[in-house]
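The values are calculated or read from the model by the stated rules, or taken from the named source; none is laboratory data. Not measured: the values here are computed from a predicted model. Cβ atoms come from the backbone with ideal geometry, glycine included; neighbour counts cover every protein chain shown.
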Amino acid sequence: MKSLLITIDGPAGAGKTTVSRNLANRLGYRYLDTGALYRAVAFKVIENKVSSDHDLEELCRKLTINFVQRDGVFRLFCNGEDVTDKIRTEKISMMASKISAKPVVRKALLSLQREIGEKKNVVAEGRDMGTVVFPDADIKFFLDASVETRALRRFNELELRSSQTLSQVEIQIRKRDKNDSSRDVAPLKAAHDAITINSTTLSAEQVVEKMLQYIF
Ligand code: DC
């Protein structure tokens with residue numbers, strides 16, 4: 001099979017992470033989680049109590065961020081610190097959504113994403129993969145689902161770690177949808193040449209099977 005760069009964009013909770021990881025495994029491809037990059041910056045913003053645009057610019061200028069392979073899995077390092085397990089909280093989700101609207105942040109993360117994607121054999125997941133970062137990707141998917149379904153999925157993921165109710169999770173998802181799709185730079189939207197899949201009534205496995213039909 002030809003080496004491909006496949007992009008998967010979509011809103012929070014649409015199942016992008018599970019689907020992208022499974023699709024990458026099925027194809028023997030590398031999985032690129034670009035949300036993790038924005039989350040890493042958000043983590044540093046909170047850690048360093050960054051509150052002004054000036055300080056955010058300073059943080060971005062000094063930012064070093066890279067994936068390091070350990071025992072077959074990629075760990076994410078930000079300014080020398082392994083942040084892989086520290087970036088999955090709702091506080092970080094909301095901050096990542098907020099700071100991802102800043103052009104200085106998007107610019108700081110662009111070259112790393114392109115460096116990885118341009119090697120091909122990659123499934124890249126995010127919000128602007130097919131529109132901005134990889135407009136020439138070989139196959140573009142846009143994965144969507146109803147907001148209620150997405151909130152329920154996120155709630156089930158969080159259940160063990162969080163005291164949030166389902167309706168609180170739904171409010172946050174709606175807020176992130178609004179932030180992510182209404183910002184001026186690289187808003188969440190389907191590329192004009194993307195294949196849209198609605199996963200509301202599909203399992204992750206069914207979505208992957210559907211995608212494979214488009215790939216082969
Ligand atoms: O996919 P995620 O939930 O890990 O992403 C966290 C936030 O990062 C998301 O709300 C918006 C931002 N993001 C982005 O702006 N562009 C991307 N390519 C990936 C994520």
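Are any of the residues in the range 41-48 out of contact with any Leu (no Cβ under 8 Å at 6 or more places or on another chain), surrounded by fewer than 20 Cβ atoms within 10 Å (Cβ to Cβ) and either more than 26 Å from PRO103 (Cβ to Cβ) or without any contact (Cβ under 8 Å) to a residue 24 or more places away in the chain (or both)?
yes
Looking at LYS210, LYS175, can you tell me which residue is within 17 Å of LEU4 (Cβ to Cβ) and modelled with pLDDT of 95 or more?
LYS210
Please go through the range 23-33 and pick out each residue that is within 13 Å of LEU5 (Cβ to Cβ) and assigned to a helix (DSSP H, G or I).
LEU23, ALA24, LEU27
Does any residue of the range 6-22 turn out to be assigned to a helix (DSSP H, G or I), surrounded by fewer than 22 Cβ atoms within 10 Å (Cβ to Cβ) and touching a strand residue (DSSP E or B) at 6+ places or on another chain (Cβ under 6 Å)?
Checked the range 6-22: at least one residue is assigned to a helix (DSSP H, G or I), surrounded by fewer than 22 Cβ atoms within 10 Å (Cβ to Cβ) and touching a strand residue (DSSP E or B) at 6+ places or on another chain (Cβ under 6 Å).
Here are some conditions: (1) farther than 14 Å from PRO11 by Cα; (2) surrounded by fewer than 15 Cβ atoms within 10 Å (Cβ to Cβ). SER146 meets all but one. Which one does it not meet?
Of the numbered conditions (1) farther than 14 Å from PRO11 by Cα; (2) surrounded by fewer than 15 Cβ atoms within 10 Å (Cβ to Cβ), the odd one out for SER146 is (1).
Any idea how many residues of the range 165-186 are surrounded by fewer than 16 Cβ atoms within 10 Å (Cβ to Cβ) and either under 14 Å from SER199 (Cβ atoms) or not hydrophobic (A, V, I, L, M, F, W, C) (or both)?
Adding up the residues that qualify gives 9.
Just wondering, is there one or more residues in the range 13-32 that are modelled with pLDDT under 95, away from the ligand (no atom under 16 Å from the Cβ) and either among the polar types (S, T, N, Q) or out of contact with any Leu (no Cβ under 7 Å at 6 or more places or on another chain) (or both)?
The answer is no; no qualifying residue exists.
I'm trying to understand the selection: among the residues of the range 71-82, which are out of contact with any strand residue (DSSP E or B) (no Cβ under 9 Å at 6 or more places or on another chain) and not small (Gly, Ala, Ser)?
ASP71, VAL73, GLU81
Name the single residue, out of those in the range 1-12 being within 10 Å of the ligand (Cβ to nearest atom) and of a type outside the set (A, V, I, L, M), that is farthest from VAL133 (Cα to Cα).
Restricting to residues being within 10 Å of the ligand (Cβ to nearest atom) and of a type outside the set (A, V, I, L, M), the top hit is PRO11.
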